[in-house]
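Colleague: First, the structure itself, so that you have it in front of you.
The values are calculated or read from the model by the stated rules, or taken from the named source; none is laboratory data. Computed from a predicted model, the values in this text were never measured in an experiment. Heads up, the Cβs are rebuilt from the backbone with ideal geometry, glycines too, and the neighbour counts pull from every protein chain shown. Surface accessibility is based on the protein's heavy atoms, side chains included, excluding ligands, DNA and RNA. Shrake-Rupley method; radii C 1.70, N 1.55, O 1.52, S 1.80 Å.
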Amino acid sequence: MLLFAMVFLLVILQSSTGQFPRACANTQSLLRKECCPPWDGDGSPCGELSRRGSCQNILLSQAPLGPQFPFSGVDDREDWPSVFYNRTCQCQSNFMGFNCGECKFGFSGPRCTERQLRTRRNILRLTSREKDKFLAYLNLAKNTPSPEYVIATGTYAQMNNGSRPMFRNINIYDLFVWMHYYVSRDTLLGGSNVWRDIDFAHEAPGFLPWHRVFLLLWEREIQKMTGDVNFSVPYWDWRDAKDCVVCTDEYMGGRHPTNPNLLSPASFFSSWQVICSRSEEYNSQQALCNATREGPILRNPGNNDKSRTPRIPTSAEVEFCLSLTQYESEPMDKMANYSFRNTLEGFADPRTAISNLSQSGLHNALHIYMNGSMSQVQGSANDPVFLLHHAFVDSIFERWLRRHRPMLEVYPAANAPIGHNRENYMVPFIPLYRNGEFFKPSRELGYDYEYLQQPALSPFQEFLTPYLEQARQIWAWLVGAAVIGGIVTAVPAGLILVYQKKRRGTPSEVQPLLSESEDYNNISYQSNF
């Protein structure tokens with residue numbers, strides 16, 4: 001009864017309110033190209049009267065892009081979000097949101113000054129009560145209209161350049177399914193023509209930061225919907241698994257007894273309807289997905305093409321991936337070799353880091369293994385296993401960040417595929433986030449992983465940690481250099497001593513190694529390596 005009441009209340013309130021903020025999905029905002037809604041706290045745009053933020057022109061990156069997308073001015077996602085808006089709220093201090101009404105990730109409190117750290121946990125280690133609560137939240141999100149966001153059902157040109165808005169309501173869960181579709185959809189070129197080699201969230205450097213933001217925003221929406229401010233998405237540690245252990249009615253839905261491609265009727269996920277799964281249909285119509293229901297979730301784990309994905313990824317493959325020192329390498333797409341990102345994403349062999357498009361590794365392998373809705377990029381987020389999977393992929397990204405401690409400059413600033421440079425804004429998020437802003441440890445963003453947690457360090461230990469890690473990495477070289485240096489120095493020193501003994505004729509047992517007048521402090525051994 002309580003669940004019904006919550007859903008009913010939100011349905012009533014929805015007209016008063018992410019992809020496109022509801023407050024900006026109107027003719028006036030589109031024609032003015034401005035999305036600076038008032039903050040409820042003081043009624044001023046972006047909460048300016050309370051010094052939360054102000055309405056500012058968007059500064060777009062001018063860094064050159066890679067050659068993968070040979071067009072300009074044909075896709076609404078180019079230079080996001082400038083086709084729709086060129087002025088948005090720029091928030092100050094720790095404030096965030098399309099109207100600066102929220103706190104940045106990792107902060108809370110009335111003035112967003114209180115640090116907070118949530119823990120993402122292994123779903124198989126949750127108590128029955130915790131697990132049931134997570135599943136209930138998923139189902140509630142699937143049946144609760146988003147109070148703050150709507151989706152676009154047409155391109156900007158189809159909206160007559162803003163004079164005829166084309167938006168519709170959507171539930172909270174499907175909002176994120178639609179965003180994942182929109183960021184990875186093909187470019188519509190008119191007629192029956194499309195350009196497929198484009199993706200603003202995959203096959204390039206932004207893959208890991210983009211999905212990191214996706215999960216953080218998803219958690220934030222669940223927290224607001226339920227009032228459970230401590231909620232965090234669980235992960236599924238699939239390393240070395242023999243089968244899909246979360247594909248049971250106790251967790252994410254078991255196999256249907258008579259149709260192996262469907263979910264068990266004992267799971268409420270069997271009643272879920274998917275959206276945005278018919279990319280060829282949208283392309284032929286030169287249309288966007290409008291969130292029309294398209295049938296049940298499909299899943300047949302393990303009955304995939306074994307020649308492409310023989311099994312679920314292993315611990316050894318993850319460890320090899322983590323050993324790679326380069327985050328990205330030329331050409332910064334799915335052909336990149338020795339790239340941590342490309343190997344983790346699954347376009348490079350997880351044993352050699354050489355690009356191999358005939359195989360699917362790590363992240364991609366799990367998608368293919370699920371053999372259903374999750375196996376098609378644009379509609380993969382329809383299956384809630386997507387969340388568990390990407391939370392674990394993000395944890396591997398986190399392990400790499402902690403092990404290698406890269407500077408921000410390691411993330412490519414230029415020449416990456418469209419939308420993936422460091423300073424590019426991520427499609428299709430409003431408020432705006434740059435790729436480089438999420439190339440940093442998760443604890444700075446307010447969350448950690450259960451299996452990565454370590455005892456708290458003192459400030460002095462935190463100061464020393466990066467230097468100790470660097471010393472650990474080069475320790476073998478230092479020892480080798482010291483040994484070689486000792487040998488190189490000892491041989492000539494020994495020859496000199498022999499020569500001196502012969503010349504002076506002094507018995508070796510009484511000849512001092514150094515005379516009393518020599519300065520010990522000026523003696524040094526140097527070696528170059």
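Colleague: Hey, if we sort Glu114, Glu409 by accessible area with the 1.4 Å probe, largest down, what's the order?
Modeller: Glu409, Glu114
Colleague: If Arg399, Arg278 are ordered by their accessible area, calculated over protein heavy atoms with a 1.4 Å probe, which sequence runs from highest to lowest?
Modeller: Putting Arg399, Arg278 in descending order of accessible area: Arg278, Arg399.
Colleague: Can you tell me how much longer the chain between Glu319 and Asn57 gets when fully stretched, taken as 0.36 nm per residue apart minus their C-alpha distance, in nm with one decimal?
Modeller: Answer, rounded to one decimal: 89.9 nm.
Colleague: Note down the nm distance, to one decimal, between modelled labels 7 Å out along Cα→Cβ at Ser284 and at Thr352.
Modeller: 4.0 nm
Colleague: If you don't mind, another one. If you take the square roots of the eigenvalues of the alpha-carbon gyration tensor of the range 59-128 and sort them as a ≥ b ≥ c, do you get rounded (a/c under 1.5), prolate (a/b over b/c) or oblate? Mind showing how you got there, number by number?
Modeller: Details: a/c = 3.15, a/b = 1.59, b/c = 1.99.
Here the range 59-128 falls in the oblate category.
Colleague: Take the Cα gyration tensor of the range 141-202, multiply each eigenvalue by 5, square-root it, and list the three semi-axes largest first, rounded to whole angstrom.
Modeller: After diagonalising the Cα gyration tensor, the semi-axes are 23, 17, 8 Å.
Colleague: Taking all protein chains as present, what is the carbon and sulfur share of the accessible area of the range 23-141, in % to the nearest whole number, probe 1.4 Å? Intermediate values should be presented prior to the final figure.
Modeller: On the way: 2890 of 6010 Å².
Carbon with sulfur: 48 percent of the solvent-accessible area.
Colleague: Quickly work out the Thr258-to-Thr155 label distance, labels modelled 7 Å from Cα along the C-beta direction, and quote it in nm with one decimal.
Modeller: 4.5 nm
Colleague: Right, next: Sorted by accessible area with a 1.4 angstrom probe, largest first, how do Phe167, Phe176 fall?
Modeller: Per-residue accessible area, sorted high to low, gives Phe167, Phe176.
Colleague: Using the Cβ atoms and a cut-off under 15 Å, what net charge is assigned to the surroundings of Leu31, where Lys and Arg are +1 and Asp and Glu are -1?
Modeller: Working: positive: Arg32, Lys33, Arg87, Arg164; negative: Glu34.
Residues near Leu31 contribute +3 overall.
Colleague: To continue, here is another question. What does the charge add up to near Arg212, with Lys and Arg as +1, Asp and Glu as -1, over the other residues with Cβ less than 15 Å from its Cβ?
Modeller: +4
Colleague: Okay, moving on. Before I look further, what does the range 334-447 give for accessible area per residue, probe 1.4 Å, in whole square angstrom?
Modeller: Heavy-atom accessible area per residue stands at 28 Å².
Colleague: Starting at the first residue of the range 351-360, write each ³J(HN,Hα) from the Karplus equation 6.51 cos²θ - 1.76 cosθ + 1.60 with θ = phi - 60°, in whole Hz, x for Gly and Pro.
Modeller: 10, 10, 6, 8, 4, 8, 6, 7, 10, 10
Colleague: Assuming 0.36 nm per residue, please report the length gained on full extension of the stretch Ser270 to Asn26 beyond their Cα-Cα distance.
Modeller: Working: separation 244, 0.36 × 244 = 87.84 nm, distance 3.61 nm.
Going from the current span to full extension adds 84.2 nm.
Colleague: Might you work out the accessible area of Arg239 for me, using a 1.4 Å probe with all protein chains in place, and round it to the nearest 10 Å²?
Modeller: Rounded to the nearest 10, the figure is 60 Å².
Colleague: Need one value: the accessible area of Thr144 in square angstrom, 1.4 angstrom probe, rounded to the nearest 10.
Modeller: Counting only protein heavy atoms, Thr144 exposes about 0 Å² to solvent.
Colleague: Related question: Between the range 292-367 and the range 19-42, how many Å separate their Cα centres?
Modeller: Value for the Cα centre distance between the two parts: 40 Å.
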